[in-house]
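Colleague: Please find one structure pasted underneath; my questions will follow.
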Amino acid sequence: MKKYADISLKYKIIVIIFFSVFIPLILAISLILLNGSKFYKNELYNKVSLSAKIISDISVADIMFNSPDVSTNSISFIGKNANFLQITIFTKNGGIFSEYSKDNFSKKEVLYKNENVSYFENENFYYYHIIKSNGIVYGTISIVTSTEELKAKVFDFLLGTTFIAILILALAIYVGEKFAGNLIIPIENLVEKAGQITKNDSYDVQLQKLGQDEIGKLYDSLNIMLSNINSRRMERDAAISSLKVSEKNFREIFNSSHDAIFIHNLNKDIMDVNETMSQMYSIARNEALTLSFEKEFSSKNNNFASFEKIWSNVVNNYPQEFNWIAQKPKTGEEFIVQVNLKKILLSDNEIILSTVRDITEIIKANDRLQKSETKLQKIFDILQVGVGLLSNRNIIEINNKACELIGYSREELVGKDSSIIYKSELDFLRFSEIAVDEIAKNGFSHNEIEWVRKDNKIITVILDLMQLDFEVDGQGYILFSFLDITNLKKAEKDIKELNADLENRVNKRTAELEFANRELEAFSYSVSHDLRAPLRGIREFSKIILEDNMENLDDDGKTHLLKVINHTVAMNHLIDDLLKLSKLSQEKIVLENFKIEEIVNSVINSFNDSLPFNNVEFIVNCNYNVVADPSLMRIAITNLFSNAIKFTSKIKNPTIEFGSFSALESKEKFGIENVVFFVKDNGAGFNMKYVNKLFGAFQRIHSTKDFEGSGIGLATVNRIIKKHGGKIWADGKIDEGATFFFTLSDSPDFNL
Amino acid sequence: MKIKNIIYLLNALVIIPIYAQFTEYDVKAQFMERFTQYIEWPKGAAIYNQEIPFRIGIYGENNFEYKLNEMVQFVKIKNKKIKYKELNSDLLLDCDLIFISKCSDEELSKIISLTKGKGILLISDSDGFGEKGVHINFYKVDNKIHFEINLSAVKSDLFNFSSRLLRLARIIE
């Protein structure tokens, strides 16, 4: 017989499940069967006892009022419906009060009993109950019922439970088989895999689990175990190889450090040095190991007492850093180093690690920096403008000139709020806002502002602010410089006042002058006017003398009188011209647009009319429209032509030309971008020495003997041209003719 | 409890032998006491006042005398002592139960109208009184005492009669 331990897990599980269902089932059924009959008996008892109690209750009144008929009706109704064999109500004397019997019941004598009692007898159940109300006994009720029904019920129950038990057992075996199958597959799988792993000695595999139950968890645990075994194996391999690498690396790091490294034991013996040390101290490693840091590698100028203290601190686990004067043992060359001492544990040995850094260059650089700062400070102080440094609102630094300008001492300003030199906090804030905006926009600000000196004097300064693009401790700095322009301001104000005064004076003088000019013009007009009458008198009377004394006067007398008359005529002309000139000053200009050529031709025609036998050749070569006063232009052109005619009177072929230059030509010739008109003759000409005198009134450059004239003509022309805003000038040479140029306005538009 | 038991014992000893004499009025007195066990008086009736004994009035001829005296001594109705008196028409309302023996129709209708709705139970033993409005009326058949109940009078006077009692009586609607 096979041992139980050798049976497959699957069958073990099925057997377990079968028995664990079968045993309680059998127990339960037996128990229920045992109790079943009792249960049904109780049920019967309860039913009969309830009926007895109900009947006894309703029978009290029946007995009380002596109504056996009603009682018989009642118990017959209950007896039929409850399927009782017999119901009897006894009076308390033992007599039958009423009774009911089932039809097929072989009626037996039912005994009277004066007690509550029940019992089974001959397949029947007997029940007695005393009829009682308010403690008074009225009689007894007896009920007889059959037990056949009870037996049938017990049998039915037994049948039912047996059927269900068989069903449950079959189900248990079925489920057990299924369940055992599912349970066993992963275990079999696991057994197989475990075998493979141990056989191959390869732990880098993972098992595929089939569910999340305990077996699934077992899979997980096995997987973790496998991967742990695998990773430990790899770690071990890696550790071995990395140990080798790290030893090599350590040596490399040790040697490649930029600092010289000494390894001392606690007794200050040098155990090892790196390559940088060899280079720094110019000594081979082997040699270095025989020397001492304190002696051969140090300058005599060090404080060796402090070194002892440092060393003992380091030994007590307080790392130390200090500066030291090192020395190359072979050359005795000294250099400054920073030394770092620290006790560490290396391969279970306590050692002192000394890292030594050459800081000679750094110290030198610091010196240079110091010097440069001193230099800057000196420049700062010697500057003849106020200069300083601001951080936020505070003055950080300020030069002497600035102190002098503001009237405070350096101590009173450095570290103080800069708003003290402003008129008010509000003023300061207002300016700050502007300055901050400008600095944000341009990187600097340039403003003219007013400050208050310590002695409360207000000064005006030009303040330049510039943001420095470095920060110290998160603070930004602003460089400021300023110039005191209070005096300049004052001077500027004085000049302005002076200018205003001057202008007033000029205006006043001009007014006076204009007044005088007008007076003069009025005077000259009235003089000219008043001169005419006596002059006419002289002329007329001279004529009369001449006519009346033709015979009496000799030729000389006649000639003299004729001269008087001619002079008066000339003077009359002179007066006319003067009148014209003075009138011209008062006349207003009336502008019109016309062709200048028309006026020129009309002037020429009038000359030809008055001098019919002249031999002057007129050339007109001009085709411009002008905006000008036509009558004044006529006067001007007439004057220019008469002037030309006058000065050509003594040559054989006189030619007078009226022409023009376009704006373009003029610019080339005269530097004037305007149309230039000219009147050119080939007459007597003039010496350019006197050109300035040409256009003054009564100025003459030729004697009256040669050319008659009042010397007012060109002055008149000049005045007319000036009135139009134009310009006039002349060019000429003696005996080679003269040319008079003029423009009519400053702007070329005027000449259209 | 003990006193109560003794009373019942005495009851059993005394009343049962008297029963044996079997007079008609003994049975009627016994029935009247048993009726009260199945009747609830209307709410607010004087019977609910525990200070007052249960008052029985006998109108007309009193044939109960011996039996009632005995009951006054040994029996309690509604857990109260019993008191009885013979009545004229003027004392009618001081009763919880009135037994009306022979009287004229006028007297009867006067009694009924006076006690109407006052919570007084009327019992009589004259033929036709049941129809006239008495709540319970005794009658005899083959020398056996029966009773009839005027259900409409019972209802209109707000008495509550147990069904156990009603099923034993002849009902007058």
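The values are calculated or read from the model by the stated rules, or taken from the named source; none is laboratory data. Nothing here was measured: the structure is a model prediction, and the numbers come from that model. Because the Cβ atoms are built from the backbone with ideal geometry, glycine has one as well, and the counts that use them run over all protein chains shown.
Colleague: When both residues are 6+ apart or on different chains and their Cβ atoms are under 7 Å apart, which pairs have a first residue that lies in region A:70-84 and is within 13 Å of chain B (Cβ to nearest Cβ) and modelled with pLDDT of 85 or more, and a second that is surrounded by fewer than 21 Cβ atoms within 10 Å (Cβ to Cβ) and part of a helix (DSSP H, G or I)?
Modeller: Filtered contacts from region A:70-84: A:SER74/A:ILE58.
Colleague: Another one. Which of the following residues is at pLDDT 90 or above, basic (Lys, Arg) and either surrounded by 10 or more Cβ atoms within 10 Å (Cβ to Cβ) or in a strand (DSSP E or B) (or both): A:LYS508, A:LYS489? Give the steps one after another, and end with the answer.
Modeller: Working: A:LYS489 fails: at pLDDT 90 or above.
When all the criteria are applied, what remains is A:LYS508.
Let's see how each residue does on (1) acidic (Asp, Glu); (2) more than 56 Å from the chain's Cα centre (by Cα):
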| residue | (1), (2) |
| --- | --- |
| A:ASP201 | yes, yes |
| A:GLN208 | no, yes |
| A:ARG233 | no, yes |
| A:SER242 | no, no |
| A:ASN249 | no, no |
| A:ASN255 | no, no |
| A:LYS268 | no, yes |
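Colleague: May I ask you to list pairs of residues, at least six apart or on different chains, whose Cβ atoms are under 6 Å apart, with the first in region B:153-173 being away from chain A (no Cβ under 11 Å) and at positive phi and the second being outside any helix (DSSP H, G or I) and not small (Gly, Ala, Ser)?
Modeller: Matching pairs, first to second residue: B:LEU158/B:PRO42.
Colleague: Of all residues in region B:59-68, count the ones that are assigned to a loop (DSSP other than H, G, I, E, B) and either surrounded by fewer than 20 Cβ atoms within 10 Å (Cβ to Cβ) or in contact (Cβ under 8 Å) with a residue 40 or more places away in the chain (or both).
Modeller: In the first step, residues of region B:59-68 are kept if they are assigned to a loop (DSSP other than H, G, I, E, B); the result is B:60-64.
The next check asks that each one be either surrounded by fewer than 20 Cβ atoms within 10 Å (Cβ to Cβ) or in contact (Cβ under 8 Å) with a residue 40 or more places away in the chain (or both); those that pass are B:60-63.
Within region B:59-68, residues that are assigned to a loop (DSSP other than H, G, I, E, B) and either surrounded by fewer than 20 Cβ atoms within 10 Å (Cβ to Cβ) or in contact (Cβ under 8 Å) with a residue 40 or more places away in the chain (or both) number 4.
Colleague: Would it be correct to say that B:GLU86 is of a type in the set (Asp, Glu), in a strand (DSSP E or B) and on the phi < 0 side of the Ramachandran plot? Steps first, please.
Modeller: Working: of a type in the set (Asp, Glu): yes; in a strand (DSSP E or B): yes; on the phi < 0 side of the Ramachandran plot: yes.
Taking the combined requirement at face value, the residue satisfies it.
Colleague: Name the one entry in B:MET71, B:MET32 that is outside any strand (DSSP E or B), crowded, with 16+ Cβ neighbours inside 10 Å, aliphatic (A, V, I, L, M) and within 14 Å of chain A (Cβ to nearest Cβ). Even if it seems obvious, please write down each step before you answer.
Modeller: Values: B:MET71 fails: within 14 Å of chain A (Cβ to nearest Cβ).
Result: B:MET32 is the single residue among B:MET71, B:MET32 that is outside any strand (DSSP E or B), crowded, with 16+ Cβ neighbours inside 10 Å, aliphatic (A, V, I, L, M) and within 14 Å of chain A (Cβ to nearest Cβ).
Colleague: Restricting the search to region A:52-86, which residues are among the aromatic types (Phe, Trp, Tyr) and surrounded by fewer than 20 Cβ atoms within 10 Å (Cβ to Cβ)? Before the answer, list the steps.
Modeller: Our first condition is that a residue be among the aromatic types (Phe, Trp, Tyr); within region A:52-86, this holds for A:65, A:77, A:84.
Correct list: A:PHE77 only.
Colleague: Same structure again: Of the residues A:LEU266, A:LEU243, which is assigned to a helix (DSSP H, G or I) and more than 22 Å from A:THR360 (Cβ to Cβ)?
Modeller: Working: A:LEU266 fails: assigned to a helix (DSSP H, G or I).
Result of the check over A:LEU266, A:LEU243: A:LEU243.
Colleague: Determine, yes or no, whether A:GLY160 is surrounded by 12 or more Cβ atoms within 10 Å (Cβ to Cβ), more than 14 Å from chain B (Cβ to nearest Cβ), assigned to a helix (DSSP H, G or I) and among the small types (Gly, Ala, Ser). Even if it seems obvious, please write down each step before you answer.
Modeller: On the way: surrounded by 12 or more Cβ atoms within 10 Å (Cβ to Cβ): no; more than 14 Å from chain B (Cβ to nearest Cβ): yes; assigned to a helix (DSSP H, G or I): yes; among the small types (Gly, Ala, Ser): yes.
Taking the combined requirement at face value, the residue does not satisfy it.
Colleague: Could you please let me know if A:TYR219 is touching a Pro at 6+ places or on another chain (Cβ under 9 Å), at pLDDT 80 or above, surrounded by 11 or more Cβ atoms within 10 Å (Cβ to Cβ) and not β-branched (Val, Ile, Thr)? Explain how you work it out, then say what you get.
Modeller: On the way: touching a Pro at 6+ places or on another chain (Cβ under 9 Å): yes; at pLDDT 80 or above: yes; surrounded by 11 or more Cβ atoms within 10 Å (Cβ to Cβ): yes; not β-branched (Val, Ile, Thr): yes.
In short, yes.
Colleague: Of A:VAL60, A:VAL48, which residue is among the aliphatic types (A, V, I, L, M) and within 14 Å of chain B (Cβ to nearest Cβ)?
Modeller: Values: A:VAL48 fails: within 14 Å of chain B (Cβ to nearest Cβ).
Just one listed residue meets the conditions, A:VAL60.
Colleague: Scan (1) out of contact with any Lys or Arg (no Cβ under 8 Å at 6 or more places or on another chain); (2) within 30 Å of A:VAL117 (Cα to Cα) for the single condition A:ALA165 breaks and write down its number.
Modeller: Result: A:ALA165 fails condition (2) only.
Colleague: Give me a count of the residues in region A:303-332 that are among the charged types (D, E, K, R) and free of Cβ contacts under 8 Å to residues at least 40 places away in the same chain. First the steps, then the outcome.
Modeller: Going through region A:303-332, the residues among the charged types (D, E, K, R) turn out to be A:308-309, A:321, A:328, A:330.
With the extra rule that they be free of Cβ contacts under 8 Å to residues at least 40 places away in the same chain, the set shrinks to A:308-309, A:321.
Of the residues in region A:303-332, 3 are among the charged types (D, E, K, R) and free of Cβ contacts under 8 Å to residues at least 40 places away in the same chain.
Colleague: Continuing with the same structure: Does A:ALA500 satisfy the criteria of being assigned to a helix (DSSP H, G or I), more than 27 Å from A:GLY725 (Cβ to Cβ) and either touching a residue at least 24 places away in the same chain (Cβ under 8 Å) or in the same structural domain as A:LEU632 (by TED's automatic domain parsing) (or both)?
Modeller: On the way: assigned to a helix (DSSP H, G or I): yes; more than 27 Å from A:GLY725 (Cβ to Cβ): yes; either touching a residue at least 24 places away in the same chain (Cβ under 8 Å) or in the same structural domain as A:LEU632 (by TED's automatic domain parsing) (or both): no.
For A:ALA500, the condition - assigned to a helix (DSSP H, G or I), more than 27 Å from A:GLY725 (Cβ to Cβ) and either touching a residue at least 24 places away in the same chain (Cβ under 8 Å) or in the same structural domain as A:LEU632 (by TED's automatic domain parsing) (or both) - is not met.
Colleague: Quick check, is B:ILE120 within 14 Å of chain A (Cβ to nearest Cβ) and either within 15 Å of the chain's Cα centre (by Cα) or without any contact (Cβ under 8 Å) to a residue 12 or more places away in the chain (or both)? If you could, list the steps in order and put the result at the bottom.
Modeller: Details: within 14 Å of chain A (Cβ to nearest Cβ): no; either within 15 Å of the chain's Cα centre (by Cα) or without any contact (Cβ under 8 Å) to a residue 12 or more places away in the chain (or both): yes.
Here the answer is no, as B:ILE120 does not meet what is asked.
Colleague: What is the residue count in region A:125-153 for residues that are surrounded by 16 or more Cβ atoms within 10 Å (Cβ to Cβ), of a type in the set (A, V, I, L, M) and away from chain B (no Cβ under 14 Å)?
Modeller: The number of residues fulfilling the criteria is 5.
Colleague: Can you give me the number of residues within region A:240-283 that are without any contact (Cβ under 8 Å) to a residue 60 or more places away in the chain, surrounded by 12 or more Cβ atoms within 10 Å (Cβ to Cβ) and of a type in the set (A, V, I, L, M)?
Modeller: 4
Colleague: Same structure again: Going by the conditions given, is A:ASN615 exposed (fewer than 13 other Cβ atoms within 10 Å of the Cβ) and modelled with pLDDT of 85 or more? I'd like the intermediate steps shown before the answer.
Modeller: Working: exposed (fewer than 13 other Cβ atoms within 10 Å of the Cβ): yes; modelled with pLDDT of 85 or more: no.
The answer is no for A:ASN615.
Colleague: So which of A:ILE589, A:ILE651 is closer than 30 Å to A:ASP530 by Cβ, hydrophobic (A, V, I, L, M, F, W, C) and surrounded by fewer than 17 Cβ atoms within 10 Å (Cβ to Cβ)? Before you say what the answer is, go through the steps one by one.
Modeller: Numbers: A:ILE651 fails: closer than 30 Å to A:ASP530 by Cβ.
Going through A:ILE589, A:ILE651 in turn, just one is closer than 30 Å to A:ASP530 by Cβ, hydrophobic (A, V, I, L, M, F, W, C) and surrounded by fewer than 17 Cβ atoms within 10 Å (Cβ to Cβ): A:ILE589.
Colleague: May I ask you to verify whether A:ALA730 is touching a Gly at 6+ places or on another chain (Cβ under 9 Å) and either surrounded by 21 or more Cβ atoms within 10 Å (Cβ to Cβ) or at pLDDT 80 or above (or both)? Working first, answer last.
Modeller: Working: touching a Gly at 6+ places or on another chain (Cβ under 9 Å): no; either surrounded by 21 or more Cβ atoms within 10 Å (Cβ to Cβ) or at pLDDT 80 or above (or both): yes.
When the stated conditions are applied, A:ALA730 does not pass them.
Colleague: Quick test for you: out of A:PHE97, A:PHE105, A:PHE22, A:PHE18, pick the one residue that is among the aromatic types (Phe, Trp, Tyr) and either assigned to a loop (DSSP other than H, G, I, E, B) or exposed (fewer than 14 other Cβ atoms within 10 Å of the Cβ) (or both).
Modeller: Details: A:PHE97 fails: either assigned to a loop (DSSP other than H, G, I, E, B) or exposed (fewer than 14 other Cβ atoms within 10 Å of the Cβ) (or both); A:PHE22 fails: either assigned to a loop (DSSP other than H, G, I, E, B) or exposed (fewer than 14 other Cβ atoms within 10 Å of the Cβ) (or both); A:PHE18 fails: either assigned to a loop (DSSP other than H, G, I, E, B) or exposed (fewer than 14 other Cβ atoms within 10 Å of the Cβ) (or both).
Result of the check over A:PHE97, A:PHE105, A:PHE22, A:PHE18: A:PHE105.
Colleague: Could you please find all residues in region B:35-58 being out of contact with any Asp or Glu (no Cβ under 8 Å at 6 or more places or on another chain) and either within 14 Å of chain A (Cβ to nearest Cβ) or assigned to a strand (DSSP E or B) (or both)? Break it down into steps so the answer makes sense when it comes.
Modeller: Applying the first criterion (out of contact with any Asp or Glu (no Cβ under 8 Å at 6 or more places or on another chain)) to region B:35-58 yields B:35-40, B:43-44, B:48-53.
B:PHE35, B:THR36, B:GLN37, B:TYR38, B:ILE39, B:GLU40 - these are the residues of region B:35-58 that are out of contact with any Asp or Glu (no Cβ under 8 Å at 6 or more places or on another chain) and either within 14 Å of chain A (Cβ to nearest Cβ) or assigned to a strand (DSSP E or B) (or both).
Colleague: Is region A:563-581 home to any residue that is under 24 Å from A:THR743 (Cβ atoms) and either touching a residue at least 12 places away in the same chain (Cβ under 8 Å) or not polar (S, T, N, Q) (or both)? First the steps, then the outcome.
Modeller: First, pick out the residues of region A:563-581 that are under 24 Å from A:THR743 (Cβ atoms): A:580-581.
Narrowing further to those that are either touching a residue at least 12 places away in the same chain (Cβ under 8 Å) or not polar (S, T, N, Q) (or both): A:580-581.
Yes, there is a match, as at least one residue in region A:563-581 is under 24 Å from A:THR743 (Cβ atoms) and either touching a residue at least 12 places away in the same chain (Cβ under 8 Å) or not polar (S, T, N, Q) (or both).
Colleague: Within 24 Å of A:TYR408 (Cα to Cα) and without any contact (Cβ under 8 Å) to a residue 12 or more places away in the chain: is that true of A:LYS490 in this structure?
Modeller: Details: within 24 Å of A:TYR408 (Cα to Cα): yes; without any contact (Cβ under 8 Å) to a residue 12 or more places away in the chain: yes.
Taking the combined requirement at face value, the residue satisfies it.
Colleague: Sticking with this structure for a sec: Condition test on B:ASP142, is it over 20 Å from A:VAL60 (Cβ atoms), more than 10 Å from chain A (Cβ to nearest Cβ) and touching a residue at least 40 places away in the same chain (Cβ under 8 Å)? Outline the logic, then answer.
Modeller: Details: over 20 Å from A:VAL60 (Cβ atoms): yes; more than 10 Å from chain A (Cβ to nearest Cβ): yes; touching a residue at least 40 places away in the same chain (Cβ under 8 Å): no.
Here the answer is no, as B:ASP142 does not meet what is asked.
Colleague: If you don't mind, another one. Here's a check for you: in region A:347-385, which residue that is outside any helix (DSSP H, G or I) and among the hydroxyl-bearing types (Ser, Thr, Tyr) is surrounded by the most Cβ atoms within 10 Å (Cβ to Cβ)? Please lay out each step first, then the result.
Modeller: Our first condition is that a residue be outside any helix (DSSP H, G or I); within region A:347-385, this holds for A:347-359, A:383-385.
Next, only the ones that are among the hydroxyl-bearing types (Ser, Thr, Tyr) stay: A:347, A:354-355.
Numbers: A:SER347: 5, A:SER354: 22, A:THR355: 20.
That would be A:SER354.
Colleague: Let me ask something else about it. Answer yes or no: is there a residue in region A:317-336 that is among the aliphatic types (A, V, I, L, M), in contact with a Ser or Thr (Cβ under 6 Å, 6 or more places away or on another chain) and outside the structural domain of A:LEU429 (by TED's automatic domain parsing). If you could, list the steps in order and put the result at the bottom.
Modeller: Keep residues of region A:317-336 that are among the aliphatic types (A, V, I, L, M), which gives A:325-326, A:336.
Now narrow it down to the ones that are in contact with a Ser or Thr (Cβ under 6 Å, 6 or more places away or on another chain): A:325, A:336.
Among the residues that remain, those that are also outside the structural domain of A:LEU429 (by TED's automatic domain parsing) are: A:325, A:336.
The answer is yes; a qualifying residue exists.
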